[in-house]
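The next block holds one structure in the form of structure tokens; read it before the comments.
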Amino acid sequence: MSQADSAEVIAEFQTEFILTLITYAMTALVVYEYIITVQQEVMMVWLRKWTLATWLFMINRYLMIAVVIWQVSPVTAQR
């Protein structure tokens, strides 16, 4: 393996590592936001009459959690 090939492989690993760190940071931010707002959600959404807006909110909120879990799971993280 030539030195240029080695440098290219190292650069690729560095890029993947940085992308992984960014993904984990964003995941932590999403989890943090969900944790700090769950009490508000219970008071403002769960205890009210369920309307179309309520359903849309819940689908949007919990679909996002599913997407984040899907993205950070080891099976789907491999490209």
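Just so it is clear, none of the values below were taken in a lab; they were calculated from the coordinates. Nothing here was measured: the structure is a model prediction, and the numbers come from that model. Counting neighbours? That spans all protein chains shown, and the Cβs are built from the backbone with ideal geometry, glycine included.
A few points about this structure:
- Tyr34 vs. criteria free of Cβ contacts under 8 Å to residues at least 60 places away in the same chain, in contact with an Asp or Glu (Cβ under 9 Å, 6 or more places away or on another chain) and hydroxyl-bearing (Ser, Thr, Tyr): yes
- Any hit, segment 10-24, residues being more than 27 Å from Ser73 (Cβ to Cβ), polar (S, T, N, Q) and either in contact (Cβ under 8 Å) with a residue 24 or more places away in the chain or surrounded by 12 or more Cβ atoms within 10 Å (Cβ to Cβ) (or both): no
- Matching residues in segment 44-60 - criterion: being in a helix (DSSP H, G or I), surrounded by 10 or more Cβ atoms within 10 Å (Cβ to Cβ) and not β-branched (Val, Ile, Thr): Met44, Trp46, Ala53, Trp55, Leu56, Phe57, Met58
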